[in-house]
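Report on one structure; see the data block that follows.
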Amino acid sequence: MEKRNPRTKSGWRDYLDEIASFIVRSRGKCERCGSKKELQCCHIHTRRYNETRWWMKNLMCLCASDHRYFHDHPIELDKFVRETYGSERPAELWERLRHSRVWWEGEYKKVADELWKEYDTSQQNKTTRK
């Protein structure tokens, strides 16, 4: 994965999706069942809003089977999130969504910088665990 500077809003969204998904999948196992196969990046709240789309607190690493299950059973997803991350997580996400607005290009760049820092930290943690 390489750093780049997209020229359009949709280019920025695709780029940030790629970075965030890579970081989440690099956790290495499904957060529900522990499987290491077919890992996917799952959004607790929809990808529709930039405020939470790339926020790590809105993202989980799930296998394809559990990802599909939770999309088909949103009440079970909410229950899992509350049990796994605490009952305050959904409220935190909703609070962040309340401030939804149109973004300007500099904000996409800022999120990219934050995601690269998160990526660097996750890579350092992997090497120190070995």
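The values are calculated or read from the model by the stated rules, or taken from the named source; none is laboratory data. This one's a predicted model, so the numbers in the text were calculated from it and none came from an experiment. Please note: Cβ atoms are built from the backbone with ideal geometry, for glycine as well, and neighbour counts cover all protein chains shown.
Some notes on this structure:
- Members of region 96-116 that are part of a helix (DSSP H, G or I), over 17 Å from the mean Cα position of the chain (by Cα) and surrounded by fewer than 12 Cβ atoms within 10 Å (Cβ to Cβ): Gly106
- In this structure, Ser100 does not satisfy being in contact (Cβ under 8 Å) with a residue 24 or more places away in the chain and closer than 22 Å to Gln123 by Cα.
- Only a single item in (1) part of a strand (DSSP E or B); (2) free of Cβ contacts under 8 Å to residues at least 24 places away in the same chain is not met by Cys42, and it is number (2).
- Odd one out for Tyr119, checked against (1) modelled with pLDDT of 90 or more; (2) surrounded by 11 or more Cβ atoms within 10 Å (Cβ to Cβ); (3) closer than 20 Å to Ala20 by Cα: (1)
- Pairs meeting the criteria (first residue in region 106-119 and closer than 14 Å to Asn5 by Cα, second residue among the polar types (S, T, N, Q) and surrounded by fewer than 15 Cβ atoms within 10 Å (Cβ to Cβ), beta carbons under 9 Å, at least 6 apart or on different chains) are Lys109/Asn5; Ala112/Asn5.
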